[in-house]
Amino acid sequence: MSLQCCCAGGGGGFLPRRCGVIRNHRRRLHSSSLPPLSSSRHPSKLSVSPPRSRPDPKLALSTTVPARSAAPLPTALRLLESCSFEDGYGDEDIGAVLAELTPKEQTVLLKRQRDWRRALHLLRRMRSLSDYQPNPIHYNVVLRTLGRARRWDELRLCWLDMAKDGIVPTNNTYATLIDAYGKAGLVKEALLWLKHMRARGISPDEVCMNTVVRILKDSGRFDEGEKFFRGWCNGKVELDILELEFDGLDSISPNSFLLTELFKSGSRAPVSKKIASSAEDGPRRPCLAATYNTLIDLYGKASKLQNASDAFAEMLKYGIAPDTITFNTMINICGSNGLLSEADSLFDKMHERRVVPDTKTFNIFMSMYASVGNVETVMEYYNKIKEVNLCPDVVSHRIVLQILCDRNMVREVESVIEEMIESGTRVDEQSAPVVMKMYINQGMLDEANMFLERYCASLAISSKNYAAIMDAYAEKGLWKEAESVFYGNRGMKNGKQDVVEYNVLIKAYGKAKQYDKALSLFEDMRNMGTWPDECTFNSIIQMLSSANFPDRARDLLCRMKRAGFRPRCETFSAVIVSYSRNFMVSEALEVYQEMKASGVQPNEVVYGLLVDLFAEAGKVEEALHYINLMEESGLTTNNVVLTSLMKAYSKAGCWREAQELYAKMKTLGDGPDTIASNCMINLYTDLGMVTEAKLIFDDLRKNDRANGISYATMMYLYKSMGMLEEAFEIAQEVQKSGLATDCALYNNVIAVYTANGKLRDCAELLHEMLAKKILPDASTFKSIFTLLKKGDIAMEAVLQLESSYNEGKRFAKQAILTSLFSMVSLNDYALESCDLYLSAGFPLDSVAYNAAIYAYGSSGNADKALNLYMGMQDEGLEPDIVTYIYLAICYGKARMVEGLKRIYGLLKYGELEPSESLYKTLIDAYQNAGKHNLAELVDQEMRFNIHRQMDDGSETEDSETEDD
């Protein structure tokens, strides 16, 4: 024990020098230009050395301390840096220098070695000295260095050398070994060292105990860590609370085997009574702030906030001054649990106790306020770092850039980056994808490219972060930019692209529907030295499946299995969905059989797909078969599967079976969903069962679950049953609720309005439909023609519009809509529709001109209508009967009697074929112009012509009869 104290304290006991080598080496030292080591134990710059004090007899060894040369430690450090251990060059000089050093200085020299080879060589060189006395501290230092480098074989040999030298491991030795194995992730192996320690009768001191608790904390074994701490405080270190035993031979790692060899062969020296008695110490309490820091952090990670607070209070109670780490840990715990005010209070207490915050303190606050989106406070703490003469570190910049980029604060981000560059700090590689994503989301592609070239070219960016940059482009469909990053300058990164980058580029191609490029890249992967992984196959199979290439997806599925991967259930499901979407039933069933043969158990989604596939085809028996298979496999039939079966019943018209199934679904979970209810309503509609359908529909409305199909089905039911008022109420409810979002539902409402004679409401609904960018289909125009025929528009105009629509003439649809709006006096809508094709710059036919004349004439803009009439003639288009009807409407509204007389003259003198529609239009026009006598005259002329036509028709019939 006195040996250990002597070595640790750096007292007397210097080793005797070796004569010839030392003198030669001393001459070289005196002739060098190295400055002397400033120490009270070494000669000063004066030529006369001060008298040496007498060494403490309690610390001194039996040998006396001779005079020493100047500055041996710095010389030794420089000499070691210039030596190469591979060829043994400089060993004689190193040995001479080591002989000059005290045990404490030798320890310092060992600690300075960052390379485990140098440290191990140096220890062996010390042991080769003839007068070297073994030192446990030296071994502890080297064991720590080997542990950090994870050189377990060399650590075992060092442990054996330690045993050969007769050095008994101390608390510090075991703490070093436990720490080394714990930080390497070998938790069980680390705890086995504790077991070895207890087997030798050594009780862990506070440092060793703290190391064990920290390892248990870092591995997530919080309860064990707390129990071990409490047991140590009670003086009973129980190993039963720790899971020290391995589960079986398969779980024993090579390191576990090495430990077994270590325990068998090393450190068999007898244990002193003093050490053995230390295992039976009584109750004790921690005295180090580091112990409480570990305990508080353990409670924080275990979400035991009150325990963490109690530990902090206990620390203050026993007069143990909390340090910066203590406050950082407490502040972080409060911030992680949303206790911002408590965290701020701790920061104030930190100032009261004059504990100086470090950069990590401010980083914790920045992260805490960033999590709640408080940008201003984050920036305040970021600026405070510089105000207290600290420097922001990588974490500081990462937090600031993240929150600023998330809020697209471009100027602020660029300001922070400029500040970083000015201070000599580079953008962190993890922050690079964040900044790139901000630029890409803002559409600032040039700035993103400049940032990539300027800041990322000099970074050793990992494949993971390159993939993140590419993914930001891929999400916006920018496959060319993602491709450019993939094939572009990789900066300081050497080697081939990782598979994750290929996966992201395949995703980018898939989103942009560049399927050939994705397949080409997939085929070229192996030629470039990168093999596709499971994610690669899954991505490209799902891409092809969603793109309706089920056969190609299935081929890749087979290749995936040949490559040694077992496809997941979701991958098989994607191919089945693709076949189902294309109604390829047999192929979907083949993939299902392949799935079973591969040992992949289908889930509810797969069975639901198959049931739905047969339900769409109305094959009830097949749907029931797969429901039975699903139940036999132990899966419960959910509402999705039962809804698919309900669709099958609905298509097959099995209303009784559907009724029983619907009653069963009411007892499950949330009851039938909207689709199942709609199927039941549809069945009742086909059967004309109004009351039953209304009950289900009212229940849907009550629970806000009725959708457009529900309303459409009920409107159809009421309309088909002649219940027009009820149908009209439903249609009004649809229009007011905004449920109409597709053409089909609009058509249903328009049909109901038409049946109720609500012509103007239909036209307004049609304009609302157009305003939502919902284009009318054939069913819509069929309803419009019905509206026109019910209105007061001339039949010749309706037939002309219908003929133009059937022939697919240009602007036929616009002319129809314009005529409808004009008919119901929605003149603004009519002129809006009319201007769309008048300003298109294409030649118009007579139908389009007629609709435009009607629109402007009905709105009272006679000049524009007559200009269009003249333009029509200039285009070489002859006016027809519809043209004259619309001109008569225009003249009547403008009280242009002379124009009406000209049209009437054309009729009277036979230049126009007699038309009842034209006669009626002239009568109404004269009435509008206040010429009632002329209106009566035209009425008489119309009646005369009608009777004459009837007589001519009867004479023709009589002559035909006589001929017969």
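Key figures
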read-out: Residue in region 476-486 that is under 24 Å from Val416 (Cα atoms), assigned by TED's automatic domain parsing to the domain that holds Ala432 and either more than 20 Å from the chain's Cα centre (by Cα) or of a type outside the set (Val, Ile, Thr) (or both) present; value: no
read-out: Helices (runs of 4 or more DSSP H) wholly inside region 313-394 that include at least 1 residues being polar (S, T, N, Q) and touching a residue at least 24 places away in the same chain (Cβ under 8 Å); value: 324-336, 359-370
read-out: Residue count for region 277-312, restricted to those that are of a type in the set (D, E, K, R), assigned to a helix (DSSP H, G or I) and under 22 Å from Ser219 (Cβ atoms); value: 2
read-out: Answer from Ala175, Ala96 - the residue that is touching a His at 6+ places or on another chain (Cβ under 6 Å), crowded, with 18+ Cβ neighbours inside 10 Å and either on the phi < 0 side of the Ramachandran plot or not in a loop (DSSP other than H, G, I, E, B) (or both); value: Ala96
read-out: The one condition in (1) touching a residue at least 24 places away in the same chain (Cβ under 8 Å); (2) surrounded by fewer than 14 Cβ atoms within 10 Å (Cβ to Cβ) that Asp524 fails to fulfil; value: (1)
read-out: Boolean, Ala269 is surrounded by fewer than 17 Cβ atoms within 10 Å (Cβ to Cβ), modelled with pLDDT under 90, among the small types (Gly, Ala, Ser) and not in a helix (DSSP H, G or I); value: yes
read-out: Set Glu660, Glu621: member being over 21 Å from Leu687 (Cα atoms) and surrounded by fewer than 17 Cβ atoms within 10 Å (Cβ to Cβ); value: Glu621
read-out: Residues of region 664-690 satisfying the condition of being at pLDDT 90 or above and either over 21 Å from Gly708 (Cα atoms) or in contact with a Pro (Cβ under 8 Å, 6 or more places away or on another chain) (or both); value: Met680
read-out: Verdict on Leu820 being farther than 15 Å from Asp880 by Cα and in a helix (DSSP H, G or I); value: yes
read-out: Tally, over region 692-735, of residues that are among the basic types (Lys, Arg), in contact (Cβ under 8 Å) with a residue 12 or more places away in the chain and farther than 23 Å from Leu766 by Cβ; value: 2
read-out: Pairs, first in contact (Cβ under 8 Å) with a residue 24 or more places away in the chain in region 805-823, second among the aromatic types (Phe, Trp, Tyr) and not in a helix (DSSP H, G or I), C-beta under 9 Å, six or more apart; value: Arg810/Phe842; Phe811/Phe842
read-out: Near pairs, Cβ below 8 angstrom, 6+ apart or cross-chain, from region 183-204 (over 12 Å from Thr170 (Cα atoms)) to any residue that is of a type in the set (Asp, Glu) and part of a helix (DSSP H, G or I); value: Ala190/Asp179
read-out: The lone exception for Thr883 - which of (1) within 29 Å of Ser779 (Cα to Cα); (2) surrounded by fewer than 18 Cβ atoms within 10 Å (Cβ to Cβ) it fails; value: (2)
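So that you can scan it fast, the table gives a plain yes or no per residue for (1) of a type in the set (D, E, K, R); (2) surrounded by fewer than 20 Cβ atoms within 10 Å (Cβ to Cβ); (3) in a helix (DSSP H, G or I):
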site	(1), (2), (3)
Gly424	no, yes, no
Pro433	no, no, yes
Met436	no, no, yes
Asp446	yes, yes, yes
Ala460	no, yes, no
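The rows are residues; the columns are (1) surrounded by fewer than 23 Cβ atoms within 10 Å (Cβ to Cβ); (2) farther than 23 Å from Asp516 by Cβ; (3) acidic (Asp, Glu).
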position	(1), (2), (3)
Ile540	no, no, no
Phe549	yes, no, no
Arg552	yes, no, no
Asp555	yes, no, yes
Lys561	yes, yes, no
Gly564	yes, yes, no
Val577	yes, no, no
Ser580	yes, yes, no
Met584	yes, no, no
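The values are calculated or read from the model by the stated rules, or taken from the named source; none is laboratory data. This one's a predicted model, so the numbers in the text were calculated from it and none came from an experiment. Counting neighbours? That spans all protein chains shown, and the Cβs are built from the backbone with ideal geometry, glycine included.
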